[in-house]
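Laboratory data are not the source of any read-out in this text; all were calculated from the coordinates shown. What you see is a predicted model, and the numbers here were worked out from it, not measured in a lab. Neighbour counts run over all protein chains shown; Cβ positions are idealised from the backbone, glycine included.
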Amino acid sequence: MKMHNHIIIWVSAFVISLVVNTAQADRVKDLTNVGGVRGNQLVGYGLVVGLAGTGDGKDPTFTGQSLKAILESLGVTTNPYDDYDLQQSRGRPIQVDNVAAVMVTATLPPFAKPGQVVDVNVAALGTATSLRGGNLVMTELRGIDGQTYAVAQGPLTVTGVMEEQNGTSIQIGIPTSGRIPDGATVERQVDNSFDKSDHLIFNVNSNDFSTTAAITERINEVFGEGTAFAMDGVSLAVRAPVGLSERVSFVGMIENLDVEPGIPAAKVVVNSRTGTVVINQQVKISAAAVSHGTVNVSVSTLNEISQPGPFSGEGAETSDVANSSIEVSEDTLGVGLINETVDLRDIVDAINQSGASTTSLIAILEALKSAGSLKAELVVI
């Protein structure tokens, strides 16, 4: 049977699969990614010019050297003293008040072709205080192999602002970093194995055996037994057509299949910096008694002025006196009983009834995990 007949069978089966959808199912596209189809990180070093005195200043090192190299490549004769010691003795360092050395980064999307454009991020390296109003000079962006894959240039978009007046400064956002939308032009394409391998690899976003098995069974159900097979708990291989156009269509049909993913493992995620706690539906807590107290420490200071006495003698001065007081109090919340439960709402209600704040909730969950009452993985980030 020829390959185009196979495609007709696949399309017919795919149309039938769209009619019968599984309740609460996700698309394969949302659960997996195709192996080898990924972005590539690019990095480069360049200069931002046109700053209003917020650049690197008197910089005898890399900023001045870079500016000198660029000017000489354009045929401009610069300071003949290459060594900084010579500059100190015979002349002054190169002025770079309006120039800043920057690091330029970008992500090259999969299948990006020469001539396409990508966004770039720019961040200051030296002592520049702001990149607002600057323009990035042509910069090569290289990959991990050292090859140039894109060239960036253009005016920066900086959202941060810093103002200073009469010794008082205010800063909103980060003025030393910015972006250039569509600021880099792709010059080289990255090779991938999408059109070369006999099988296509689909990697499941979460390490879950049940989800991998469900996707494999769904593909075999629609496109025929033996089309896909699981490699491990994360990856599955799918036999693909030889022709590139047919292969693209085939991947598109697989990505739109509806699959009911496996039930995730019970997990509690705690962000100790922000006090955020996320509990999924599978979390269970066995019976436990909770007692949590909070210790409050209050420090207050009363500033006073001590005047010198009438007979203090010549040279006596007025001095500041700080009178401090410390108070310690303990608020006891008592002992609360958490009955054995399997419902997420019951868990939250039981902990809220104990009078615990978000910070206290984190401590209670950690204690319940240590006591063996929390039937879930506790992740602290």
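Once both labels are positioned 7 Å from their Cα atoms along Cα-to-Cβ, the gap between SER73 and SER272 label points is 4.8 nm. The stretch 221-249 and the stretch 262-290 have their alpha-carbon centroids 37 Å apart. Each label was represented as a point 7 Å from its Cα along the Cα-to-Cβ direction; for LEU244 and LYS29 these points are 2.2 nm apart.
From largest to smallest, the equivalent ellipsoid semi-axes obtained for the stretch 114-216 from the alpha-carbon gyration tensor read 41, 22, 10 Å. Between their Cα atoms, which of LYS29/LYS284; LYS29/LYS375; LYS29/LYS196; LYS29/LYS113 are more than 26 Å away from each other? Long pairs (Cα-Cα over 26 Å): LYS29/LYS284; LYS29/LYS375. Counting 0.36 nm for each residue step from ASP182 to VAL380 and taking away their Cα separation leaves a gain of 67.5 nm. Using the Cβ-Cβ distance between GLU255 and SER193 with R0 set to 22 Å, the FRET efficiency from 1/(1 + (r/R0)^6) comes to roughly 0.75.
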